[in-house]
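Below you'll find the structure, written out as structure tokens, and then a few comments.
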Amino acid sequence: MVPGNFDFQQFQTTLLEEARVGFPGIQQQHRGETFYCFALYTYGERAYIFPTASTEEGLTQVARKYMAKDYNQGRTLDQLRRELRWSPCDSPLHSEGGSYCQRANEQLEPVPELLQALYDREHDSWEQSDKLIEQLDSIFLDVLKQLDAEGVFGRGEHRASVVVNLLMGDQSDESRLAYA
């Protein structure tokens, strides 16, 4: 299905190893904060992936920042918090996980070209490209499930209070719910 020599198993192993360090690293940097989301973050072409997280304290911080810059357009702090809650790019913690997945991201570098080659080979059809995206998403979700089983996102009540997800830019609410 995929042109080139993309090694899905090696990629999954690498991502698991790096995320296994990344998520606890973010938690350590924000010890004492109340996490409500842990996610792997990517975008449409799946050319990168990294751990990200959101905390209640970070959410309040960014909402206050937007109010101070008059971005609130008459909305209250609580309204802004609700609107920003599932916007990972607005989280102050968002980019902190970027350095943890360097090897995995090196392995993902050819993916946009692979997607285009599949599209071209299939005479302007996204069917095979979509299958590649689905395969990568499956790996991302498997990594999250493995880390969850290991207790990386907490246990018991603590774990029940956080959402673990695959997030991306310009993501629909339906997609967020499907991956959660």
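Every number here is computed from the coordinates shown, using simple stated rules; none is lab data. Quantities reported herein were computed from a predicted structural model and do not represent experimental measurements. Using ideal geometry, Cβ is built from the backbone for each residue, glycine included, and neighbour counts are taken over all protein chains shown.
With axes computed from alpha carbons, what is the tilt in degrees of helix 127-149 against the longest principal axis of the chain, rounded to the nearest 10 within 0 to 90?
It is inclined by approximately 50 degrees.
For the chain, with a Gaussian network of springs between Cα atoms less than 10 Å apart, report the residue from 76, 52, 34 with the top mean-square fluctuation.
76
Measure out, as a whole number of angstrom, how far apart the alpha-carbon centroids of the range 89-162 and the range 50-72 sit.
Cα centres, the range 89-162 to the range 50-72: 24 Å.
Indicate, rounded to the nearest 5 percent, the antiparallel portion of the DSSP beta bridges found entirely in the chain. Mind showing how you got there, number by number?
Numbers: 6 of 12 bridges.
That works out to approximately 50 percent antiparallel.
If you build a Gaussian network model of the chain, linking Cα atoms that sit under 10 Å apart, which residue out of 68, 39, 117 swings the most?
Looking only at 68, 39, 117, the biggest GNM fluctuation is shown by 68.
Show me, for the range 54-64, the HN-Hα J-couplings you get by feeding each phi into the Karplus relation (A = 6.51, B = -1.76, C = 1.60, θ = phi - 60°), rounded to Hz, glycine and proline as x.
Values, residue by residue: 9, 10, 4, 5, x, 4, 5, 4, 6, 5, 5 Hz.
Please arrange 40, 93 by counting, for each residue, the other beta carbons lying within 10 Å of its beta carbon, fewest first.
Listing 40, 93 from fewest to most nearby Cβ atoms yields 93, 40.
Under the definition of Cα pairs under 8 Å and six or more residues apart, what whole-number percent is the relative contact order of the range 8-169?
Reported as a whole number, the value is 35 percent.
Given only helices, namely DSSP H runs of n ≥ 4 each adding -39500 (n - 2.57), what is the per-residue ellipticity at 222 nm of the chain, to the nearest 500 deg cm²/dmol?
On the way: 8 runs with 96 residues, N = 180.
My calculation for the chain gives -16500 deg cm²/dmol from helical runs alone.
Which number do you get for Rg(Cα) / (2.2 N^0.38 Å) in the chain? Working shown, then result.
On the way: Rg = 17.6 Å, N = 180, 2.2 N^0.38 = 15.8 Å.
The chain yields a ratio of 1.11.
Sorting 123, 30 on the 10 Å Cβ count, fewest up front, what's the list? Could the numbers behind the result be given before it?
Values: 123 6, 30 17.
Least to most surrounded, the residues fall as 123, 30.
Taking the beta-carbon count within 10 Å as an exposure proxy, list 31, 64, 20 from fewest neighbours to most. Numbers along the way, then the final one.
Working: 31 6, 64 14, 20 17.
Lowest to highest Cβ neighbour count: 31, 64, 20.
Out of the range 113-180, which GluC sites (Glu not before Pro) are coil in DSSP terms and have no more than 15 other C-beta atoms within 10 Å? Walk me through the numbers before you get to the answer.
Details: sites: 113, 122, 127, 134, 150, 157, 174; in loops: 122, 150.
In loop regions of the range 113-180 (DSSP not H, G, I, E or B), the sparsely surrounded GluC sites (Glu not before Pro) are 122, 150.
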